[in-house]
Each structure stands twice: as structure tokens, then as C-alpha cells.
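Every read-out reported here was derived from the displayed coordinates using simple, explicitly stated rules and does not represent laboratory data. Everything quoted here is computed from the prediction, not taken from an experiment. Here the Cβ is made from the backbone with ideal geometry for all residues, glycine too, and neighbour counts use every protein chain on show.
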Amino acid sequence: MSAHRRIVLIAIVGALVISTSAPLVRLSGVSPATSALFRCAYAVPPMLLLAWLERRRLGPMPRKAMLPASLAGVVFALDLLFWHHAIDYVGAGLATVLGNLQVFIVAFAAWGLFGERPSTRLMVGTPVVFAGVVLISGVFDSAAYGQDPMMGVLAGVATSISYAAFLLLMKSGPERAAGLLAHATVVATIVIALLSPLFGGADFVPNWPGHWWLIVLALGPQVLGWSLITFSLPRQPAALTALLLLIQPMTTVAISALALGERPSVLQLAGCAVIVMGVLYGSRGGSRSAPAPVIPQVVPAADKPEDPVQAG
């Protein structure tokens with residue numbers, strides 16, 4: 001198997017693994033802040049072990065990578081806090097679909113930060129995607145699924161903004177999947193613990209059997225899934241974005257329907273389809289460089305501005 005195909009396979013497996021994140025959060029039955037905290041806390045020991053093994057093989061992580069990794073941990077904490085609330089408001093499946101808005105946020109942020117102009121396809125796809133968001137919100141739907149679809153959409157949008165910042169920061173670091181992710185996970189654990197009172201509060205005392213699901217969440221999506229995604233992120237071709245975007249949200253919607261009995265309304269399912277089609281269409285177009293000269297020291301962080309992966 002060629003190196004390129006191995007990277008593609010690694011990315012696909014990572015996307016499939018993190019597709020189980022939201023259903024595992026729902027199965028745990030704990031508060032959003034609690035699930036966000038412990039999915040990171042339980043992941044810290046194995047992540048530190050992986051980082052140590054990576055350090056022995058490649059040497060210490062460059063000091064200049066510490067600041068981006070720390071900032072990535074802060075925004076990842078916000079990503080998880082907002083996203084776990086979105087799961088609570090609108091269900092695991094719809095919350096995961098809403099997390100895919102980050103592909104547009106990353107692309108437009110790269111335009112402003114790095115002078116990479118979005119493609120025409122992306123410009124056309126943006127209003128299509130937000131039309132799907134409106135359908136999921138339940139504004140025009142008396143049968144909308146979820147305890148508060150509108151709040152779910154707001155939390156989902158906040159998730160996408162935080163997640164886009166996380167991806168941009170992780171892309172700017174060196175190719176050290178375990179070290180970067182371990183550092184970000186430790187920082188995220190601390191930040192979630194500090195911010196939890198603002199997000200409904202976290203229960204710091206484990207309760208069972210709910211925490212068994214959180215351990216599975218930590219070892220599966222958080223450690224295995226994100227390690228695979230972080231490894232493939234700087235190496236995967238741009239065309240893989242569309243594939244990843246289709247794998248995670250639709251897999252999560254299917255798992256949530258089968259395992260959790262979630263039944264989104266017809267309009268909400270239509271909104272899911274509209275979002276996926278809009279993202280797929282928009283992500284296929286390459287970016288065009290702006291006429292302004294590109295500053296050499298920021299080029300590495302903008303090599304692949306339209307190449308994000310999913311939320312989870």
C-alpha cells in the first residue's frame with residue numbers, strides 16, 4: 001500500500017472513531033460540563049505515554065510549538081463545552097452535523113489571516129449551508145427534535161468557531177501528533193475545570209456506570225480517533241476533506257438513531273442533507289491566492305486552509 005493510501009486510510013478510520021463521540025456523551029447521562037471534563041481527564045495518562053514514546057523517537061517537541069498547542073487546548077476546551085451542550089439541546093446527530101460549519105469558518109479565516117481567497121464554490125455553498133442550519137433550528141418546524149433546537153444551533157455555531165480556531169492552531173504546529181495533542185489535552189482539562197461553573201457546573205466525583213462510557217469516550221474518540229486525525233491532518237490531500245465531512249456527521253446521525261432512538265423531524269433531516277451537500281460542494285473548490293504578496297513566515301500555516309476535519 002502506498003504512503004498516500006495509508007494516510008487516507010488513517011484519516012478515514014479516525015473519522016469513523018470520532019463519529020461515536022456524541023452518542024457516547026449521551027449514553028453517559030452526565031451533565032455537559034462533566035462529560036467534557038472527564039473525556040479529557042481520562043485521556044491524559046495514555047496521551048502522555050504516547051507523547052513520551054514519540055519524544056524518545058523524535059526528540060523534544062520544539063519550544064515554539066508550545067504556545068500554539070496551549071492556545072489549541074484553550075479553544076478545544078470551549079469547543080467541547082459548547083458542543084456537549086449542543087448535544088444536550090438538540091441530540092447527538094444534529095449537534096455533530098452543526099459542527100461541520102467549521103469548514104467555512106476555517107476557509108474565510110484563512111482568507112483574512114493568510115491572504116488565501118475562498119473559491120467561488122465555497123462562496124456559493126455558504127448560504128446553502130446556513131439554510132440547512134435554519135432548518136435544523138426548528139424555526140419553521142413544530143415537530144423539531146430536541147429540548148431546545150434554537151439553543152442547540154447557537155451552541156453548535158459556537159462549537160464550529162472554537163473548533164475552527166483549534167484546527168488552525170494545530171495545523172501551524174510541527175508534525176508531532178502525540179506531543180501536540182497531549183499538551184492540548186492537558187490544557188483543555190484544566191480550562192474546562194476552571195470554566196465549568198459558567199457552563200452549568202461539573203460533577204468532580206465520578207459516578208458509575210455513567211463514567212464507564214466516559215472512559216470509552218476518552219480512550220476511543222479522544223485518544224485513538226484524535227491521534228489518527230492529528231497525524232493525518234498535515235499530510236492528507238485536500239480532496240479527503242469532502243470524504244471526512246460525509247463520514248462523521250452521517251455516521252453519527254445513523255448511530256444516534258439506532259442506539260439512542262433519536263428521531264429528527266423531516267425538515268431537520270433535510271437540513272442535515274442540505275448542510276452536507278453544501279459543504280461537499282464548497283470544499284471541492286481550491287482557494288485562490290489574493291493579489292497581495294504572501295508573507296513567507298506564514299506560508300506553512302496556510303498550506304491547506306480548506307482541509308479541516310470533524311467535530312468530536
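List the residues, sorted by chain then number, that are 5 or more residues from Tyr145 or on another chain and whose placed amide H is less than 5 Å from its amide H.
Residues meeting the amide H criterion: Ser265.
Using a basic spin-label model with each label point 7 Å from the Cα along Cα→Cβ, how many nm lie between Phe130 and Ile215?
It works out to 4.6 nm between the two label points.
Using r as the Cβ-Cβ distance of Phe204 and Leu67, and R0 as 22 Å, what FRET efficiency do you calculate, to the nearest 0.05?
0.15
By counting other Cβ atoms within 10 Å of each Cβ, how are Val124, Val157 ranked from fewest to most?
Details: Val124 13, Val157 19.
Going from sparsest to densest Cβ surroundings: Val124, Val157.
Could you let me know the centre-to-centre spacing of segment 162-232 and segment 254-277, using Cα atoms, in angstrom?
26 Å
Which order do peptides 182-192, 74-84, 38-48 fall in by mean Cβ count within 10 Å, highest first? Mind dumping the intermediate values first?
Values: 182-192: 23.9, 74-84: 26.5, 38-48: 22.0.
Top of the packing list down: 74-84, 182-192, 38-48.
In whole Hz and in residue order, list the ³J(HN,Hα) couplings for segment 34-44 that follow from phi through the Karplus curve 6.51 cos²θ - 1.76 cosθ + 1.60, θ = phi - 60°; x for Gly and Pro.
With the stated coefficients, segment 34-44 comes to 5, 5, 5, 5, 7, 5, 7, 4, 5, 7, 4 Hz.
Around Glu262, which amide H atoms from residues at least 5 apart in sequence, or from another chain, sit under 5 Å from its own amide H, with H modelled in the peptide plane?
Under 5 Å from the amide H of Glu262: Ala257.
Say each of Leu9 and Leu48 gets a label point 7 Å from the Cα, pointing the same way as Cα to Cβ; how far apart are those two points in nm?
3.4 nm
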